[in-house]
Amino acid sequence: VGTLLMHGMKEAVAILTRARDEQLPTVVYGDYYVDGICACSLLTLALRRFGISAQPHTPLRTEGYGLNCDAVRELAKTYRVLVTVDLGITNHEEVRLAQSLGMKVVVTDHHGLALEASPADAVMNPLLGDYPFRKLCGTGVAFKLSTALLGIDQCKQYLDLAALATVADIVPLTDENRVLVSLGLKV
């Protein structure tokens, strides 16, 4: 499926291209489950290949799931761009806090939407807009963003992470997910 069809992709690519061009410190905020860890690893590696000095951040279980205000305040001391993977779609307070502290926020997630739209600067989620396959896991969304930045040939090496997360997150093994797992098993 065409990478640029996903809602928010153009905005996310523009923000990350600016981060690269202006050498803005960038953090990839994941989660402590398989999908979040794979997404965080995959996107951090892809952003570095793209030319961004990206660092991963995975919260401790004691911090809870999703973005949290304490972590956002601490990360804002160092980073200008915050990219979430596998989370963030309902963390409106935390996104607004990050923005108020001078961060650009890109949310990549696959979870259910909140009643209110995310205030992030770019929001990627296959449940938004007319994306034809709505069942990607968080790493699948991160993989799509990576291919938009680098092209598919530069991202094939990350298919193992996409396959692992897709199986572990128990999303349907149909359509794009079936392709990710099939190709990822070979990697």
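The values are calculated or read from the model by the stated rules, or taken from the named source; none is laboratory data. Keep in mind the model is a prediction, meaning the values are calculated, not measured. Note that we place each Cβ from the backbone using ideal geometry, even for glycine, and neighbour counts take in every protein chain shown. Just so you know, the surface numbers come from the protein's heavy atoms only, side chains and all, with ligands and any DNA or RNA stripped out. Shrake-Rupley method; radii C 1.70, N 1.55, O 1.52, S 1.80 Å.
Counting lysine pairs in the chain that sit 8 or more residues apart in sequence, or on different chains, and whose Cα atoms lie under 16 Å apart gives 6. Taking amide hydrogens as placed 1.01 Å from N in the peptide plane, the amide H of T84 sits under 5 Å from those of Y29, V106, V107, T108, each at least 5 positions away in sequence or on another chain. Between K10 and T58, the contour length at 0.36 nm per residue exceeds the alpha carbon distance by 14.7 nm. With R₀ fixed at 22 Å, the C-beta to C-beta distance from T17 to T78 puts the FRET efficiency at about 0.60. Within the accessible surface of the stretch 13-72, defined with a 1.4 Å probe on protein heavy atoms only, the carbon and sulfur portion equals 54 percent. Per residue, the stretch 21-150 exposes 40 Å² of solvent-accessible protein surface, assessed with a 1.4 angstrom probe and all protein chains in place. From most to least packed by mean Cβ count within 10 Å, the peptides 137-147, 93-103, 58-68 give 137-147, 93-103, 58-68.
Measuring nothing but how far apart in sequence close Cα pairs (under 8 Å, 6+ apart) lie, relative to its length, the stretch 95-152 scores a relative contact order of 31 percent.
Against the longest alpha carbon principal axis of the chain, how many degrees, from 0 to 90 and to the nearest 10, is the axis of helix 138-150 turned? Here the helix axis deviates by roughly 90 degrees.
Rounded to the nearest 10 degrees, the inclination of helix 34-50 to the longest alpha-carbon principal axis of the chain is 80 degrees.
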